[in-house]
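Notes follow once the structure below has been shown.
The values are calculated or read from the model by the stated rules, or taken from the named source; none is laboratory data. Note that the coordinates shown come from a computational prediction; the quantities given were computed from them, not determined experimentally. Positions of Cβ are backbone-derived with ideal geometry, glycine not excepted, and every protein chain shown enters the neighbour counts.
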Amino acid sequence: MFVRAAITSSAIDVLRIVANHAAAAIATARAFAQVETMRHQLLIENQRLRRSADPDALEDMIGDSEALRLIRQQIAAVAATDTTVLVLGESGTGKELAARALHQRSLCSAGPFVEVNCAAIPRELSESELFGHVRGAFSGATRDRVGRFEAADGGTAVSRRSR
């Protein structure tokens, strides 16, 4: 309904209140977007610092068995290629150590090394956690979120069950 009457001062006061709340909501949304961008940058920097602080992963592989020599040769051969690698093995066999060694010697070594503890991610959130999402993609998605794979862009993403 349209009315061609003068706007009262009380209506102007209500409009000012609504405008102030809208401005505050917009400022908060912008701040959240900045925080998410900074979180992404910190994640990358954290991974870079961890990588630089870690000793050489191959040197951490202690032993001189034929099996370990074969693993070292495979790491050296695969690290020189531009391919995706799946490291499999029983718990405690050094899969993460092998992944770090692969990363440090790969073409992606300048990029981040991002670990993902898959056991800590609820099944319902796994897609969002790994691939990210945009605001409005589902109820509760109030802002864009960078996924772990995007955070590892140019580097390496490693999935692990637990420590």
Check E59 against each of (1) modelled with pLDDT of 75 or more; (2) of a type in the set (D, E, K, R); (3) part of a helix (DSSP H, G or I) and name the one condition it does not meet.
(1)
Given (1) in contact with a Pro (Cβ under 7 Å, 6 or more places away or on another chain); (2) loosely packed, with under 12 Cβ neighbours inside 10 Å, identify the lone condition not met by F138.
(1)
Taking the stretch 80-99 only, how many residues are under 19 Å from the mean Cα position of the chain (by Cα) and outside any loop (DSSP other than H, G, I, E, B)?
2
When you check L102 against the structure, is it within 16 Å of the chain's Cα centre (by Cα), part of a helix (DSSP H, G or I) and not basic (K, R), yes or no?
no
Of a type in the set (A, V, I, L, M), in a helix (DSSP H, G or I) and modelled with pLDDT under 80: is that true of L43 in this structure?
no
Please enumerate the residues belonging to the stretch 130-149 that are under 16 Å from N117 (Cα atoms) and outside any loop (DSSP other than H, G, I, E, B).
L130, F131, G132, R148, F149
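Of all residues in the stretch 110-129, count the ones that are in contact with a Gly (Cβ under 8 Å, 6 or more places away or on another chain) and closer than 24 Å to T81 by Cβ.
Taking the stretch 110-129 first, the residues in contact with a Gly (Cβ under 8 Å, 6 or more places away or on another chain) are 110-114, 128-129.
Then drop every residue that is not closer than 24 Å to T81 by Cβ, which leaves 110-114.
Qualifying residue count for the region: 5.
Would it be correct to say that A77 is without any contact (Cβ under 8 Å) to a residue 12 or more places away in the chain and assigned to a loop (DSSP other than H, G, I, E, B)? If you could, list the steps in order and put the result at the bottom.
On the way: without any contact (Cβ under 8 Å) to a residue 12 or more places away in the chain: yes; assigned to a loop (DSSP other than H, G, I, E, B): no.
Spelling it out, it is not the case that A77 is without any contact (Cβ under 8 Å) to a residue 12 or more places away in the chain and assigned to a loop (DSSP other than H, G, I, E, B).
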Of the numbered conditions (1) of a type outside the set (D, E, K, R); (2) without any contact (Cβ under 8 Å) to a residue 24 or more places away in the chain; (3) surrounded by fewer than 14 Cβ atoms within 10 Å (Cβ to Cβ), V87 satisfies every one except a single condition; which is it?
(3)
